[in-house]
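The values are calculated or read from the model by the stated rules, or taken from the named source; none is laboratory data. Values in this document were obtained by computation on a predicted structure and should not be read as measured data. Here Cβ is always computed from backbone atoms with ideal geometry, including for glycine, and neighbour counts include all displayed protein chains.
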Amino acid sequence: MNYYTDVLKKYTVFSGRARRQEYWMFFLFNFAAALILAIVDGALGTYPLLYAIYALAVFLPSLAVAVRRLHDTGKSGWWILIGLVPLIGGIWLIVLMATEGQPQPNEYGPNPKAVHA
């Protein structure tokens, strides 16, 4: 739960680096929350009202943590746009998000693993 709230606290922080664990735990919780809201929305007959409100609320934090995750791998945040390339782009973005970060400090900051260790 801390990973989710920590990302929300850094609502629009696009600088720095994010560990794989931070990104994927946020992704997992976010996916579960969106799925639950979509089901509740469908049961209430209000789909996509609650789901859309939630998606808008977490759009910027999701984008910010993705950019910080790319920074951890030594890539510019603009690499997130590779996901717009049909099929191949989405796969490549998943590979980038799953790649281990650089162990040494890079132009985006110190290694977040070393900071938390």
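Structure summary
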| quantity | calculated |
| --- | --- |
| Residues satisfying the stated conditions in the range 78-116, i.e. within 16 Å of the chain's Cα centre (by Cα), surrounded by fewer than 16 Cβ atoms within 10 Å (Cβ to Cβ) and assigned to a loop (DSSP other than H, G, I, E, B) | 99, 100 |
| Odd one out for residue 64, checked against (1) assigned to a loop (DSSP other than H, G, I, E, B); (2) touching a Lys or Arg at 6+ places or on another chain (Cβ under 7 Å); (3) not acidic (Asp, Glu) | (1) |
| Residue that is surrounded by 13 or more Cβ atoms within 10 Å (Cβ to Cβ) and out of contact with any helix residue (DSSP H, G or I) (no Cβ under 6 Å at 6 or more places or on another chain), where the choices are 9, 75 | 75 |
| Residue selected from the range 39-67 under the condition over 25 Å from residue 6 (Cβ atoms) and among the small types (Gly, Ala, Ser), by the criterion surrounded by the most Cβ atoms within 10 Å (Cβ to Cβ) | 42 |
| Matching residues in the range 12-26 - criterion: being buried (at least 16 other Cβ atoms within 10 Å of the Cβ) and free of Cβ contacts under 8 Å to residues at least 40 places away in the same chain | 25, 26 |
| Within the range 50-61, tally of residues that are small (Gly, Ala, Ser) and in contact (Cβ under 8 Å) with a residue 12 or more places away in the chain | 1 |
| Residue ID - modelled with the lowest pLDDT, chosen from residues in the range 1-36 that are part of a loop (DSSP other than H, G, I, E, B) and among the aliphatic types (A, V, I, L, M) | 1 |
| Near pairs, Cβ below 6 angstrom, 6+ apart or cross-chain, from the range 62-88 (over 16 Å from residue 22 (Cα atoms) and at pLDDT below 95) to any residue that is surrounded by fewer than 17 Cβ atoms within 10 Å (Cβ to Cβ) and of a type in the set (Ser, Thr, Tyr) | none |
